[in-house]
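Everything on this sheet refers to the single structure shown next.
The values are calculated or read from the model by the stated rules, or taken from the named source; none is laboratory data. All values reported here derive from a predicted model rather than from experimental measurement. Please note: Cβ atoms are built from the backbone with ideal geometry, for glycine as well, and neighbour counts cover all protein chains shown.
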Amino acid sequence: MADILKLPSEAVTALTEVKNWLLKQKFTDISGLRFYSSPELVEKSKALLDHLPDKCKEDYDPQRHDTRVTAIHIHATMTVPVKNGSNGLLIPVHIGDGATLDGMEVHPLQYAELKQGLVATPDFYALLLLSRAIA
């Protein structure tokens, strides 16, 4: 089960900018999962990630945690991958009709805190932050 939380309404502009840019990128298919990752994605996402609560910012601070920022396209029903010992944030940026997380409909400005994988149904694009504490 994931905790579904909401970004502040002030995040709409940053979310829209990430969405418009991300939809133009070429995703790589890895075992049926569609991912995109690049240093430019990290840069383009900063303004949106600044709207996360301070606790999230601390949990995903690259100075204290091994944090990876990727994008994922949920194009089929799948389990969002989160390795044991890792935490994740899934921030949908483009949501199609009928998209769900853990059986709940996805709405704009929502995001999920992940402690384990969760079932997602299409169709949406999202930022996926995965973090593990640095020993």
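Taking segment 79-135 as the range and being within 19 Å of L33 (Cβ to Cβ) and out of contact with any strand residue (DSSP E or B) (no Cβ under 8 Å at 6 or more places or on another chain) as the test, the residues that pass are N84, Q116.
Filtered by the rule that a residue be more than 13 Å from L5 (Cα to Cα) and among the β-branched types (V, I, T), segment 83-101 gives V93, I95, T100. In segment 119-135, the qualifying residues are those that are assigned to a loop (DSSP other than H, G, I, E, B) and at pLDDT below 90, and the one that is surrounded by the fewest Cβ atoms within 10 Å (Cβ to Cβ) is A135. Counting just the residues of segment 102-118 that are outside any loop (DSSP other than H, G, I, E, B) and closer than 10 Å to A2 by Cβ, which one comes out farthest from the chain's Cα centre (by Cα)? It comes out as M104. When restricted to residues that are assigned to a helix (DSSP H, G or I), surrounded by fewer than 16 Cβ atoms within 10 Å (Cβ to Cβ) and in contact (Cβ under 8 Å) with a residue 24 or more places away in the chain, segment 14-34 contains 1.
Check segment 86-94 and report whether any residue there is of a type outside the set (D, E) and exposed (fewer than 15 other Cβ atoms within 10 Å of the Cβ).
Just the residues of segment 86-94 that are of a type outside the set (D, E), to begin with: 86-94.
When the remaining residues are screened for being exposed (fewer than 15 other Cβ atoms within 10 Å of the Cβ), the result is none.
No, segment 86-94 contains no residue that is of a type outside the set (D, E) and exposed (fewer than 15 other Cβ atoms within 10 Å of the Cβ).
Being touching a Ser or Thr at 6+ places or on another chain (Cβ under 6 Å), in contact (Cβ under 8 Å) with a residue 40 or more places away in the chain and of a type outside the set (K, R): is that true of T70 here? Yes, satisfied. In segment 1-36, the qualifying residues are those that are of a type in the set (G, A, S) and modelled with pLDDT under 95, and the one that is nearest to E113 (Cα to Cα) is A2. Looking only at residues of segment 59-85 that are loosely packed, with under 12 Cβ neighbours inside 10 Å and farther than 17 Å from L49 by Cβ, we find that the one that is modelled with the highest pLDDT is T77. Looking at segment 48-62, is at least one residue in contact with a strand residue (DSSP E or B) (Cβ under 7 Å, 6 or more places away or on another chain) and in a loop (DSSP other than H, G, I, E, B)? Within segment 48-62, one or more residues are in contact with a strand residue (DSSP E or B) (Cβ under 7 Å, 6 or more places away or on another chain) and in a loop (DSSP other than H, G, I, E, B).
Filtering K46, K83, K55 for residues that are of a type in the set (K, R), over 16 Å from L127 (Cβ atoms) and without any contact (Cβ under 8 Å) to a residue 24 or more places away in the chain leaves a single hit, K55. Consider L129 carefully, then state whether it is in contact (Cβ under 8 Å) with a residue 24 or more places away in the chain, closer than 15 Å to K6 by Cβ and not acidic (D, E). Criteria not met by L129.
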